[in-house]
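Some notes on the structure that comes next.
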Amino acid sequence: DGWDIGGNANGGYLMAIAVRAMTASIGRPPLTVTGHYLRPAPAGECDIEVTTIRSGRRLATASATLSMGAKPTLTLLATFGEQTPGGPSSQMSDPVDLPAFDESIPPVVGDTPQPELMNRIDVRMHPDDGGFRRGEPSGTAQMRGWFALADGEPIDAIALMLAADAFPPPVFNSGLPVGWAPTVELTVHVRGVPAPGPLRCVFRSRFIHDGLLDEEGEIWDSTGKLVCQSRQLALTPR
């Protein structure tokens, strides 16, 4: 309980549970994870079955299925391994430009009821991206802001799964109705373990048509290092 939106678990939170089980089984941290969502997940017990596909010297690959009440709910394919800093490096983009954490705004206006999930995380948005809350979308399918855990817990590689799916969908600023946008598939690339402090995030949708939308994300830590990239396919809200 408490990690949900409208009674169903947040997709990134659900992925984090499964990836923690996979990490424990494989014995290495996640590098890239792809999850396919089969049905909504209310609060309750779950079973996670992990299968090692291959384990090599540097990388290991595994699949997993998270089930609730014997019904498959999320299926994953992931590769695990240690980061190897010190190799060639080239950065074509800079961290997203944001106001200070304390100058950014919460996703929910005033006394408006907020999803239970928002009591567990601390998301602050760029003021220019908050118009959808008042029925005044910016017209650009983009969400920028900060992410932290509400209790100040450090963010590890597994918590990045949650961060990748914690913001209001960028489609809310496109002018389409604000509503549930169920995730069909989510891919998360872990590019590094974050330094302490809130994460700097940007999520964008470029193609919204035929009942589906894409969402691309970048997550940067407090030192300006890219620590996570994400991409998902979701159903268009109605």
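Just a few scattered comments:
- One residue stands out among those in segment 214-225 that are without any contact (Cβ under 8 Å) to a residue 60 or more places away in the chain and in contact with a Ser or Thr (Cβ under 9 Å, 6 or more places away or on another chain): the one that is surrounded by the most Cβ atoms within 10 Å (Cβ to Cβ), which is GLU215.
- Sole exception among (1) within 15 Å of MET161 (Cα to Cα); (2) touching a Ser or Thr at 6+ places or on another chain (Cβ under 9 Å); (3) touching a residue at least 60 places away in the same chain (Cβ under 8 Å) for LEU77, by number: (3)
- Test: residue in segment 56-67 that is of a type outside the set (Lys, Arg), touching a Lys or Arg at 6+ places or on another chain (Cβ under 7 Å), farther than 27 Å from PHE167 by Cα and open to solvent by less than 30 Å² (accessible area, probe 1.4 Å): yes
- Which numbered condition ARG28 misses (of (1) of a type in the set (D, E, K, R); (2) open to solvent by 50 Å² or more (accessible area, probe 1.4 Å); (3) in contact with a Gly (Cβ under 7 Å, 6 or more places away or on another chain)): (2)
- Only one of ALA64, ALA60 that is among the hydrophobic types (A, V, I, L, M, F, W, C) and within 22 Å of the chain's Cα centre (by Cα): ALA64
- Residue match in segment 26-39 (condition: on the phi > 0 side of the Ramachandran plot, modelled with pLDDT under 95 and not aliphatic (A, V, I, L, M)): no
- Segment 138-152, subset within 26 Å of VAL178 (Cα to Cα) and assigned to a loop (DSSP other than H, G, I, E, B), residue most open to solvent (accessible area, probe 1.4 Å): THR140
Per-residue answers, yes or no, for (1) hydrophobic (A, V, I, L, M, F, W, C); (2) at pLDDT below 90:
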{"position": "ALA64", "(1), (2)": "yes, no"}
{"position": "GLY69", "(1), (2)": "no, no"}
{"position": "VAL108", "(1), (2)": "yes, yes"}
{"position": "GLU116", "(1), (2)": "no, yes"}
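- Only residues that are more than 18 Å from the chain's Cα centre (by Cα) and open to solvent by 70 Å² or more (accessible area, probe 1.4 Å) were counted across segment 74-89, and they come to 7.
- First in segment 90-110 and open to solvent by 90 Å² or more (accessible area, probe 1.4 Å), second anywhere and of a type in the set (A, V, I, L, M), Cβ under 7 Å, 6 or more apart: none
The rows are residues; the columns are (1) touching a residue at least 12 places away in the same chain (Cβ under 8 Å); (2) open to solvent by 20 Å² or more (accessible area, probe 1.4 Å); (3) touching a Ser or Thr at 6+ places or on another chain (Cβ under 8 Å).
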| residue | (1), (2), (3) |
| --- | --- |
| VAL123 | yes, no, no |
| ARG134 | yes, yes, no |
| MET161 | yes, no, no |
| PHE172 | yes, yes, no |
| VAL188 | yes, no, yes |
| ALA195 | yes, yes, yes |
| CYS228 | yes, no, no |
| THR236 | yes, yes, no |
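The values are calculated or read from the model by the stated rules, or taken from the named source; none is laboratory data. The structure displayed is predicted, hence computed values, not measured ones. No Cβ is skipped: glycine too gets one built from the backbone with ideal geometry, and neighbour counts run over all protein chains shown. To get the accessible areas, we keep the full protein, side chains included, count just its heavy atoms, and leave off ligands, DNA and RNA. Shrake-Rupley method; radii C 1.70, N 1.55, O 1.52, S 1.80 Å.
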